[in-house]
Amino acid sequence: METKQENMQFLGLLGVYKESYKIIFSWRKIFSQITLTLILPLTFIFLGHIQVSDFLFGKIVHDSVQITETEPGTPQQQKLIEMISSEWATLTLFKLVYFTFMLIFSLISTSAVVYTVASIYTGREVTFNKVISVVPKVWKRLVVTFLCTVVAFFVYNVMAVMVIIIWALTIGVRSGGIAILLVITILYLIGIMYLTVVWQLASVVTVLEDSYAFEAMTKSKELIKGKMGLSVFICLKLNVSFFLIQFLFMMVVVNGWKLFGMSSIGRTSYGILCFLLLSHLFLLMLVLQTVLYFVCKSYHNQNIDKSVLSDHLEGYQAKYEPLMAKDVQLDYHV
């Protein structure tokens, strides 16, 4: 990294993006290798899932419409019922396979990118073979952190549903009820965004420190204090970009919306464009998360001893030896 650690706390939105792009372009060979082997498959899995899911669900809708137009009790209706059951089973199985591979590749990509950026930060020599050798020693910890995050999101959504039920039973749509529902919705979305930021930074903490699961989430929550606005804005910008790319792919490539007299060749071009944009976004998101981690550490005067961090990163090559909390809080400045 070109920015000194003690100065990273002063980086704003543009500064964090500039630092991230400097890292990517300065080390484009290693990041190109990570992109080709991990990020591109991740992108293909995600976009392919949208296309296949739309096809399978479309068959279910088509057969469901046909069954309403078929005389009850006939062999044709029974056949349609069996077909719909089979199609639902196929869609469910496909979703399970998709989520499994999506989770695997996203966690592997996170491990690889966070390790690479941290190695660059310490000035260590980093090769693709070293990066790949690290993945099996850290991704299980990331799985545990991810599962804890899922639990946190589940509990949060259960509480949100309870609030909505209380609202419906006590206030409802009577005078002022809609305004209160709007406030509840806004607060809910703010909470979702906050949990997303905590989860993303907790993934970096899991790779670089001795903490994982709920402990990593707690440390992440403490880290973003003072940098909440920056963290949320980066997360919001990335999620909006992600939604726009997904929307463009869904509407133009999958549903065939015509844009500017688009031909079939244009539709394919839009698919390639979405693929490239999304793969770039996935890589940038992971680099930004790691840079944000160092920014938050610097803001809290928890300057990391590069030699200690380097030793622990080297430890990934042998026996996994996580970075202890005491090693990331060595220098406190007034």
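The values are calculated or read from the model by the stated rules, or taken from the named source; none is laboratory data. What you see is a predicted model; the values in this text were computed from it and never measured. Cβ sites come from the backbone with ideal geometry, for glycine too, and all protein chains shown count toward neighbours. What goes into the accessible areas is simple: the full protein's heavy atoms, side chains included, and nothing from ligands, DNA or RNA. Shrake-Rupley method; radii C 1.70, N 1.55, O 1.52, S 1.80 Å.
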- Flagged pairs (Cβ under 8 angstrom, 6 or more apart or on separate chains; first in the range 126-144, small (Gly, Ala, Ser); second open to solvent by 20 Å² or more (accessible area, probe 1.4 Å)) are SER133/GLN317
- Task: Enumerate the pairs (first residue in the range 235-251 and under 16 Å from SER269 (Cβ atoms); second residue anywhere and among the hydrophobic types (A, V, I, L, M, F, W, C) and open to solvent by 40 Å² or more (accessible area, probe 1.4 Å)) with beta-carbon separation below 7 Å, excluding pairs fewer than 6 apart on the same chain, so at least 6 apart or on different chains.
- Result: ILE245/LEU277; MET251/TRP257
- Query: Taking PHE101, is it open to solvent by 60 Å² or more (accessible area, probe 1.4 Å), touching a residue at least 12 places away in the same chain (Cβ under 8 Å) and either of a type in the set (Val, Ile, Thr) or within 30 Å of VAL287 (Cβ to Cβ) (or both)?
  - Reply: yes
- Query: Residues of the range 63-95 being of a type in the set (D, E, K, R) and open to solvent by 50 Å² or more (accessible area, probe 1.4 Å), which ones?
  - Reply: GLU69, GLU71, LYS79, GLU82, LYS95
- Task: Within the range 159-173, identify whether any single residue is among the aromatic types (Phe, Trp, Tyr), modelled with pLDDT of 90 or more and out of contact with any strand residue (DSSP E or B) (no Cβ under 6 Å at 6 or more places or on another chain), and answer yes or no.
- Result: no
- Task: Determine, yes or no, whether LYS59 is touching a residue at least 12 places away in the same chain (Cβ under 8 Å), open to solvent by 80 Å² or more (accessible area, probe 1.4 Å) and over 30 Å from LEU230 (Cα atoms).
- Result: yes
- Task: Please go through the range 120-140 and pick out each residue that is open to solvent by 30 Å² or more (accessible area, probe 1.4 Å) and not acidic (Asp, Glu).
- Result: GLY123, THR127, PHE128, ASN129, LYS130, ILE132, SER133, PRO136, LYS137, TRP139, LYS140
- Of the residues that sit in the range 74-116 and are of a type in the set (Phe, Trp, Tyr) and under 30 Å from VAL135 (Cα atoms), which one is modelled with the lowest pLDDT? TYR115
